[in-house]
1. So which residues in the range 201-221 are under 19 Å from the mean Cα position of the chain (by Cα), touching a residue at least 60 places away in the same chain (Cβ under 8 Å) and part of a helix (DSSP H, G or I), if there are any at all?
2. Please determine whether any residue of the range 70-89 is in contact with a Leu (Cβ under 8 Å, 6 or more places away or on another chain), assigned to a loop (DSSP other than H, G, I, E, B) and over 23 Å from L54 (Cβ atoms).
3. Hey, any hits in the range 114-121 for a residue that's within 30 Å of I64 (Cβ to Cβ), acidic (D, E), surrounded by 17 or more Cβ atoms within 10 Å (Cβ to Cβ) and modelled with pLDDT under 95?
4. Of the numbered conditions (1) touching a Phe, Trp or Tyr at 6+ places or on another chain (Cβ under 7 Å); (2) closer than 22 Å to P32 by Cα, H98 satisfies every one except a single condition; which is it?
5. Within the range 200-215, identify whether any single residue is surrounded by fewer than 19 Cβ atoms within 10 Å (Cβ to Cβ) and in contact with a Ser or Thr (Cβ under 7 Å, 6 or more places away or on another chain), and answer yes or no.
6. Failed condition for C128, given (1) within 25 Å of the chain's Cα centre (by Cα); (2) open to solvent by 80 Å² or more (accessible area, probe 1.4 Å); (3) at pLDDT 95 or above, with all others met?
Amino acid sequence: MTPPTNRPAYQLFVGIDIAATTFTAVWTTDGPPQERARSFPQTPAGFEALQAQLQATGVAPGQILVVLEATGSYWVALAVALHEAGYVVSVVNPAQAHNYAKSLPRRAKTDLLDAAVLAQFAAERRPCPWTPPPAVYHELRQRLLARDALLTMRQQARNQRHALLQWPIVVESVRQQLDSLIADLEMRLTDLDSEIAQVLSEGAWAESATLLLSITGIGRITTAWLLVGTLNFQACRSAESAAAYAGLVPLAHDSGSSVRGRAQIGHGGHARLRTALYLATLTAARFNPIIKAQYERLRAAGKPMKVARCAAARKLVHLAWAVVTKRQPFDPSYGMRMVEERRAA
């Protein structure tokens, strides 16, 4: 079988299995690796040692595809170092690599074997290259994650205070400690919200943020998650791909004549972005005329509330993709105006 002509002309394929303090690498020219896997420390010296080994192969960095999994945050420093050195780096979803490994005839699981599987995956599938995100991505993402952590801690403290007050005897100093903790967390949340708002208004994605905020129902936090999750919609070639990335596109469950399951969105996709969009529908389904009309139509047709809200969240993604890619603010009367123009024509 002739390989596709549009496949990149790589000469070496590297698979790297990441651990907390070390990483294991192995490479191949095609198919299963024949070389012995090598382990390196998760340090700048280890990164340089790997590059020295790769340079010894005589293959130019631009013709070497390095594949590693996006597991935790241990992969980031190595991926950036290799990218800056000129290597083609691809960061794949661990689930994708896991499913590929299940298709191979192997039983054991070690770092050496995992690296070999990733190298074989690189040679056969040649996943798309990865590019480090811009600085504004980190400015928003780290604040959003810290905000989620603070919200969790505040809720835990509130729950503890509520449980404490159920007792007939309440130690005042304990209650004061919990009150102080809750007040401190709320102050930190306020500061983070102010910082996120500043990044959205002054950062590199300020224009896109302004356009997203023009959509009724989408607030600052949802805007920030949309920009972070889609890399300012640069990672999504269409509105449907953006909805699929958020895990809001129902997946069919049909096979032959016996399997006729109901399509559902499942648990894939960017879970945090999906949650932000779902929560945004609480407002959009009431005040955004486009989302409200769709939501009420689905509810009137007998659709469950969750189904209608997921459909509304998917519509929000489409609106968000449209305003950012077309560089036009949200116009709630656009759809009606287009209908009237078609009728007039």
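1. S208, L212, I221
2. no
3. Yes, the conditions are met somewhere in the range 114-121.
4. Of (1) touching a Phe, Trp or Tyr at 6+ places or on another chain (Cβ under 7 Å); (2) closer than 22 Å to P32 by Cα, only one is false for H98: (1).
5. The answer is yes; a qualifying residue exists.
6. Unmet condition: (3).
This table checks each residue for (1) open to solvent by less than 60 Å² (accessible area, probe 1.4 Å); (2) under 18 Å from P129 (Cβ atoms).
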{"position": "F23", "(1), (2)": "yes, no"}
{"position": "P32", "(1), (2)": "no, no"}
{"position": "F40", "(1), (2)": "yes, no"}
{"position": "A70", "(1), (2)": "yes, yes"}
{"position": "E84", "(1), (2)": "no, yes"}
{"position": "V92", "(1), (2)": "yes, yes"}
{"position": "S103", "(1), (2)": "no, no"}
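Yes/no matrix, rows are residues, columns are (1) crowded, with 17+ Cβ neighbours inside 10 Å; (2) acidic (D, E):
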{"residue": "P134", "(1), (2)": "no, no"}
{"residue": "E139", "(1), (2)": "yes, yes"}
{"residue": "L144", "(1), (2)": "yes, no"}
{"residue": "Q156", "(1), (2)": "no, no"}
{"residue": "S173", "(1), (2)": "no, no"}
{"residue": "L185", "(1), (2)": "yes, no"}
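The values are calculated or read from the model by the stated rules, or taken from the named source; none is laboratory data. Not measured: the values here are computed from a predicted model. Counting neighbours? That spans all protein chains shown, and the Cβs are built from the backbone with ideal geometry, glycine included. The area values use the complete protein model at the heavy-atom level, side chains included, leaving out ligands, DNA and RNA. Shrake-Rupley method; radii C 1.70, N 1.55, O 1.52, S 1.80 Å.
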